[in-house]
Amino acid sequence: MRELTYAQAINEALRLLLETDDRVMLIGQGVTSPWYVGTTTAGLIERFGNRRVIDPPVSENGITGVAIGAALAGSRSILVFPRMDFMYLAMDQIANHAANWHAMFGGEYCVPLTIWGIINRGGEQAAQHSQALQAIFAHIPGLKVVMPSNGYDAKGLLISSVRDGNPVVFIDDRWLYNLRCVVPEGLYQVPIGKGAVLREGKDVSVITSSYTVHEVLKAADECRGKGISVEVVDLRTIKPLDSELILGSVRKTGRVVIVDGGWKAFGVSGEIAARIAETPLIRELKAPICRLSLPDAPAPASTALEDVYYPRKEQIAATIQRLLEA
Amino acid sequence: MDVSAETLIKLYVTMQRIRLFEERVADLVSKGEITTPCHLYTGQEAVATGICASLRNDDYVFSTHRSHGHYIAKGGDLRKLMAEIYCKSTGCSKGRGGSMHITSAEKGLPGSSAIVAGTIPIAVGAALRLSAVGGDGVSVAFFGDGAVCEGAFYEALNFASLKKLPVIFVCENNLFSTHMPVEDSLANPIIYKIAEAFKLPSCRIDGNDVLKVYKTGQAAIERARKRKGPSFIECMTYRWRGHVGPNYDVDKGIRTQKELDRWMAKDPIKALEKMLIAKRFLTNGEASKIVTGIEREIDGAVAFAKKSPYPPSDEMEIIRYLFR
């Protein structure tokens, strides 16, 4: 079976989408830059030209409007933000326009727009180059939010996002870009709204997504050595959330740890906790719901501080063990 | 360029349709029949009419909170517009948009935004798509002088000019952004000069002279159809009614009765009517017949809106609209 890096899987998805659907257009800062988007857009401009692969000026809000307008006029727009922190500049077009358009005009138009945002945390990049904003976008009605954890899902979810016909926020973590996995050739879809159980277990469910999945898998290995059987649930899609999968797993294990790469306050982990607490399942839990996420503070620069800011496998494993002892 | 009698009459009829529709809405708002916030177009009819007269159904128009005039000028159905203003399920946006969010897929009006300058980059994006698919379709962004204070305006102008996109920027300078006179909001209130800085062919014209708007618009649209790039037209005009609703805002101290009277004396419809009669293209009798016919059509639109049902209120129906 053929293995690709995560970045190569994205690159292949983009190439196949551009190749097979002439409505597809890729626009965003740095698609022709040697460093901005990693290797994900390599070779695309040479192959498809500067009318379908467009490197625009730094005008995030304006260019998001452009991508929406092109989508309304028949494009399948893929709009990339190489650092998703800059999506804040485009909030008006994303939240007021793309998200509302379909409902606000009575369903007359759809906005087939994939907004691809990349989390750049680590490397002492500090508070404006590190943010994971999934909760912000998941809060807005009219947007879907996906967050793959591996190249197979990234390729399949990117294809699903572009074919969806509605605005989808597709979030990558740069820490995933060099990870390898088996990726089939050709076009295939991973359904939006469906999570996956990556590892079955019976003592505790750990619900997570994106890069954090890999820290959780390592923590699960560590726990196994101590006789704890961990079930790992990869959300893959943040919105619509696969509640059924989450509740099924928690019903089985009776314990849950939610590990999110975003902030805790008013975020994704809180939403998942609430989904569980809203059902009778809450009375059957053997331990309180436990959340691990980023502290309520802007990302620091210093590596010394980054090391404690992001949840790592040691912290996750210790949390799981404490929960089992409770 | 000589404009045919037929075209002149068409411009006259469109302006009257907008005027009479808006004045009826003003009346219905005053009576409490209509509650959605209505930003009326009365006084500005020549702008939408003059520009849209050279557009086809497959050309795009993007509008603002003051949207009724653009919808009517683009050929939209008065019944669906009135029903939307009544927020009924038969409205053009099925009662989900109200006065500020109207649409017509069939007539090429993908939507109107209440966020100032919001649709300017979107119009540029539609032009990007049009330029990619070939053909000679164009996109038009209508916006007010207030939009010139927003960042989206500058980003959109720069990108359109950079990529030479088939888009026409039509600034309706009605001298006020909500309550604020244009001199208090723009360091340089000569707006077309700002557009010139982006290397756009730009001009300022009398936006109450429908013939001037028509000719200027036609030249800009032709230029876009020939893929020679975007243009910018600043139309000097004036809204008779207040920023929102049927009042005149004179009592609130925003403007003087004298200023309002001066602009009402420059009524674009009266001016064209006078010219048509002088040229014997139209008689007084024919003019009043046109008005009566439009009034009857508006009566029909109001009756249709009133008897239409409200949108279904169950939650499933609301969710269905979110993700088709």
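The values are calculated or read from the model by the stated rules, or taken from the named source; none is laboratory data. Keep in mind it's a predicted model, so treat the numbers as computed, not measured. As a convention, Cβ positions derive from the backbone with ideal geometry for all residues, glycine included, and neighbour counts pool all protein chains shown. Keep in mind that these areas ignore ligands, DNA and RNA; they rest on the heavy atoms of the full protein, side chains included. Shrake-Rupley method; radii C 1.70, N 1.55, O 1.52, S 1.80 Å.
Structure summary
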| item | result |
| --- | --- |
| Mean Cα-pair separation over length for the range B:181-286, i.e. relative contact order, pairs under 8 Å, 6 or more apart, % | 22 |
| Debye log10 I(q)/I(0) for the range A:150-211, one point scatterer per Cα, at q = 0.19 Å⁻¹ | -0.84 |
| For A:LEU294, residues with placed amide H under 5 Å, excluding near neighbours | A:GLY262, A:TRP263, A:LYS264 |
| Heavy-atom SASA rank of A:ILE27, A:ILE136 (probe 1.4 Å, accessible area, largest first) | A:ILE136, A:ILE27 |
| Within the protein assembly as shown, percent of DSSP bridges classed antiparallel, to nearest 5 | 15 |
| Apportionment of accessible area to carbon and sulfur, the protein assembly as shown, percent (1.4 Å) | 53 |
| At least 30 Å² of accessible area lost relative to the chain alone, listed for the range B:111-157 with a 1.4 Å probe | B:ILE115, B:PRO121, B:ILE122, B:GLY125, B:LEU128, B:ARG129, B:GLU155 |
| Hydrodynamic radius of the range A:196-325 per Kirkwood, over alpha carbon pairs, in Å | 14.7 |
| Relative contact order of chain B, pairs being alpha-carbon contacts under 8 Å that are 6 or more residues apart, as % | 23 |
| Cα principal axis extents for the range B:221-324, largest first, Å | 58, 43, 39 |
| Choice from B:GLU222, B:GLU286, B:GLU295 with maximal GNM fluctuation in chain B (Cα, 10 Å cutoff) | B:GLU286 |
| Accessible surface buried upon B-A contact (total; probe 1.4 Å; Å², nearest 100) | 3100 |
| Accessible surface, 1.4 Å probe, highest first, among residues A:MET84, B:MET100 | B:MET100, A:MET84 |
| Convex hull per residue volume in Å³, alpha carbons only, for the range B:202-277 | 120 |
| Where Rh is the Kirkwood radius over Cα pairs, Rg/Rh for chain A | 0.97 |
| Highest-MSF residue in chain A out of A:ALA265, A:ALA71, A:ALA154 [GNM, Cα springs under 10 Å] | A:ALA265 |
| The range B:5-322: radius of gyration and largest Cα-Cα distance (Dmax), Å | 19.0, 59 |
| Cα convex hull of the protein assembly as shown, projected area averaged across orientations, nm² | 31.8 |
| Added length on full extension, which subtracts the Cα-Cα distance from 0.36 nm per residue, B:SER4 to B:SER313 | 106.2 nm |
| Kyte-Doolittle at least -1.0, axis length at least 27 Å by Cα - qualifying DSSP helices, chain B | B:5-30, B:284-307 |
| Residue of B:HIS101, B:HIS39, B:HIS179 that the Gaussian network model of chain B assigns the largest fluctuation, springs spanning Cα pairs under 10 Å | B:HIS179 |
| Fraction of antiparallel bridges per DSSP, chain A only, in percent to nearest 5 | 20 |
| Delta accessible area of at least 50 Å² on complex formation, residues of the range A:101-150, 1.4 Å probe, chain isolated as reference | A:TRP101, A:HIS102, A:ALA103, A:MET104, A:PHE105, A:GLY106, A:GLU108, A:TYR109 |
| Rule-of-thumb Rg ratio for the range A:41-137 [Cα; 2.2 N^0.38 Å; N residues] | 1.16 |
| Rg followed by Dmax, in Å, when the range B:1-156 is reduced to its Cα trace | 15.5, 49 |
| Given charges at beta-carbon only (K, R positive; D, E negative), |dipole| of chain A in Debye | 540 |
| DSSP-defined antiparallel bridges as percent of all bridges, the range B:5-322, nearest 5 | 10 |
| Average accessible surface area per residue within the range B:127-254, 1.4 Å rolling probe, Å² | 37 |
| Per residue accessible area of the range A:196-325, 1.4 Å probe, in Å² | 44 |
| Longest to shortest principal axis, alpha-carbon extents of the range A:3-182, angstrom | 44, 37, 30 |
